[in-house]
Amino acid sequence: MEFVIKISQFLLSLSLLIVLHELGHFIPAKLFKTKVEKFYLFFDVKFSLFKKKIGDTEYGIGWLPLGGYVKIAGMIDESMDKEQMALPPQPWEFRSKPTWQRLIIMLGGVTVNFILAYVIYVSISFAFGDSDVKVDSLKDGYWIDNPMLLDIGFKTGDKILSINNIPVVNDSDVGFNLINAETITVERAGETKDIHLPEDFLGQYSSSKSKLNFEYRVPFMVGEVADSSLNAKKNLKMGDIIKSINGTEIKYFDQVEAFTRELKNQKVTVEVLKEDNSLVKEELSLDEEGKFGIRPWTNNYSRFDELGYLEITRKQYTFSESFTAGGRKFTKTITNYFDQLAAITNPSTGAYKGLGGFKAIYDQFPSAWSWPYFWGLTAFLSIMLAILNLLPIPALDGGHVVFLLYEMISGRKPSEKFLERAQMIGFFILIALVLFANGNDIFKAFSN
């Protein structure tokens, strides 16, 4: 069921972004009376899942979900239709249109992506508002379980005070500022300590088997009891909290493993806090690894707030205020993504190791459907798609834009032979990048 939910979100988001991006090319092309031969969601290599011709355009859905495309007549693109380009230019072809019209057609896709992201951020600001966790409400700091973070010097219980001497107020500040982090100041056992991150911190994190970061310290809340668990038939329900084991208080989930490690294959008495705040005792069994066979529920933040483990700050926006709030999210996301690109292109950071493909995107979607999360991630992916398409690589929109700007400035149009060769080079660059990114996904899957 988890796979169905994740893949549904992934395909819905991807389809929405592809169709709207290509629509950004399609609409101005039609407005300028340019013939569009095909409009496809996904690639129709050899055959299509669906196709229907309306007017001059064939609309369809391909079987290969690696993107989508519009085929504009008289344009040198990935189809490399040399036969058409060898014929005399026709007034309805892309190559016959004024430079400024061709430029608008090429910028249409990324323009739609940026507009879409802004509209989504405005909409979720108005519909859901903002929520965050105040770091000073994490009374016993963060849970650190990633071996890489432990090696650098972090410990469970650290309270993050600042990153690069910039005070941290909300938990989201930690995630946004980690990309450029050099020094993180923490409070540990009442003392202040500076932890200096290695230059290749991002590379080390990307290569680590654990993807845990700075996690909230939350109670051991029951999420799901495995059918194979020794405790499958016990009176445990989702949302129950194990408060103690054999009379010893267990405040946080991260304390459980160290305590049960010495109780393998034993029965223990636990105190369970029910949703109505009543306490009951239950006898549970530990397996040969000292585990209960219980999957914890770690993101029931409203309940954790209610119990005092953290404090969630919420802010609602009026319709007019949502435009400003959405704008802040929009610009912050763009700035953050440029920081990511800068890190990836700097070999010393090792961030290129974290470059991922379709599986990396799939993994970002949660296992439970959440509309705020879905739309927020879709807005981010829309910005990512726009920025990547603007890269000055032939075969991408940005490559076409560079040649059109050259034509506008110099007054000379690059030869079709040159454009064909550039398109081919750009195509191979893109293939290499796609193979590298998705190869990273495969390597991580097998290495983990």
Problem set entry | the stretch 269-360 - convex hull of alpha carbons, volume per residue in Å³ | 227
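Counting helices only, and only those DSSP H runs with n ≥ 4, report the 222 nm mean residue ellipticity of the chain as the sum of -39,500 (n - 2.57) divided by its residues, in deg cm²/dmol to the nearest 500.
Taken over the chain, the calculation gives -14000 deg cm²/dmol.
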Problem set entry | Theoretical FRET efficiency, 1/(1+(r/R0)^6), r = Cβ-Cβ of residue 257 and residue 436, R0 60 Å, to 0.05 | 0.95
Problem set entry | Coil-residue trypsin sites (Lys or Arg not before Pro) of the stretch 150-233, DSSP, other Cβ within 10 Å capped at 12 | 209, 211, 233
Seminar exercise, completed: The answer for the net charge of residues other than residue 130 whose Cβ lies under 10 angstrom from its Cβ, with Lys and Arg +1 and Asp and Glu -1, is +3
For this session: Grab the alpha carbons of the stretch 200-278, take their convex hull, and tell me the volume per residue in Å³.
Result: 141
Exercise. Tell me, how many Å apart are the Cα centres for the stretch 404-427 and for the stretch 263-282?
Worked result: 71
For this session: Considering Cα pairs under 8 angstrom that are at least six residues apart, work out the relative contact order of the stretch 83-226 and quote it in whole percent.
Result: 21
Exercise. Given H placed on each backbone N at 1.01 Å, which residues far from residue 220 in sequence or on other chains put an amide H within less than 5 Å of it?
Worked result: 242, 253
Problem set entry | Net charge, residue 34 excluded, C-beta distance under 9 Å - Lys, Arg +1, Asp, Glu -1 | +4
Exercise. Extension gain residue 150-residue 267, at 0.36 nm per residue separation less the Cα-Cα distance, in nm?
Worked result: 38.9 nm
For this session: Would you list the membrane-span-like helices of the chain, meaning whole DSSP H runs whose alpha-carbon atoms span at least 18 Å along their axis and whose mean Kyte-Doolittle value is at least 0.5?
Result: 2-31, 99-128, 371-389, 397-410, 416-447
Problem set entry | Calculated percent of Cα pairs over 33 Å apart (choose from (1) 49; (2) 75; (3) 52), label | (1)
Exercise. If you keep only loop residues by DSSP, which trypsin sites (Lys or Arg not before Pro) in the stretch 378-448 have at most 11 other Cβ atoms within 10 Å of their Cβ?
Worked result: 412
Exercise. Length gain on complete extension for the stretch residue 164 to residue 338, per 0.36 nm per residue less the alpha carbon to alpha carbon distance?
Worked result: 60.8 nm
Seminar exercise, completed: Amide H contacts under 5 Å for residue 170, restricted to residues at least 5 apart in sequence or on another chain and with H modeled in the peptide plane, are 135
Problem set entry | Cut-off 20 Å, label 7 Å out along Cα→Cβ of residue 49, residues of the stretch 7-39 by amide N | 7-23, 38-39
For this session: Any aspartates and glutamates with Cα under 16 Å of the residue 33 Cα? List them, leaving off those in the same chain fewer than 8 positions away.
Result: 56, 93
Problem set entry | For residue 43, residues with placed amide H under 5 Å, excluding near neighbours | 62, 63, 64, 66, 67
For this session: Obtain the radius of gyration and the Kirkwood radius of the stretch 303-355 from its C-alpha atoms and give Rg over Rh.
Result: 1.23
Exercise. Under the Karplus relation 6.51 cos²θ - 1.76 cosθ + 1.60, θ = phi - 60°, what is the ordered set of whole-Hz ³J(HN,Hα) values for the stretch 214-227, x standing for Gly and Pro?
Worked result: 8, 9, 5, 8, 10, x, 7, 9, 5, x, 8, 9, 4, 4
For this session: Report relative contact order for the stretch 324-448 in percent, whole number only (criteria: Cα-Cα under 8 Å, sequence separation at least 6).
Result: 26
For this session: Can you bin the stretch 1-121 into rounded, prolate or oblate? Criterion: square roots of the alpha carbon gyration tensor eigenvalues sorted a ≥ b ≥ c, rounded for a/c under 1.5, prolate for a/b above b/c, oblate for the rest.
Result: oblate
Problem set entry | Rel. contact order, % - alpha carbon contacts under 8 angstrom, at least six apart, the chain | 18
Seminar exercise, completed: Per DSSP, the loop-located GluC sites (Glu not before Pro) within the stretch 4-110 having at most 13 other beta carbons within 10 Å are none
For this session: Note the full-extension length gain between residue 182 and residue 280 as 0.36 nm times their separation in residues minus their Cα-Cα distance, in nm to one decimal.
Result: 30.5 nm
Seminar exercise, completed: Total charge of the residues flanking residue 105 in space, meaning their Cβ is under 11 Å from its Cβ, with Lys and Arg +1 and Asp and Glu -1, is +2
For this session: Kindly flag which residue pairs out of 6/211; 193/315; 237/359; 234/264; 233/274 have an alpha-carbon separation exceeding 24 Å in this structure.
Result: 193/315; 237/359
Exercise. In whole angstrom, how far apart do the alpha carbon centroids of the stretch 202-247 and the stretch 341-361 sit?
Worked result: 30
Seminar exercise, completed: Of the stretch 368-386, those with amide N under 11 Å from the point 7 Å along the Cα→Cβ vector of residue 61 are none
Exercise. Lysine pairs, Cα distance under 29 Å, 8 or more residues apart or cross-chain: how many in the stretch 39-147?
Worked result: 14
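Coordinate-derived values only; no laboratory data. Because the structure is predicted, anything quoted here is derived from the model rather than measured. Cβ: placed from backbone, ideal geometry, glycine included. Neighbour counts: every protein chain shown.
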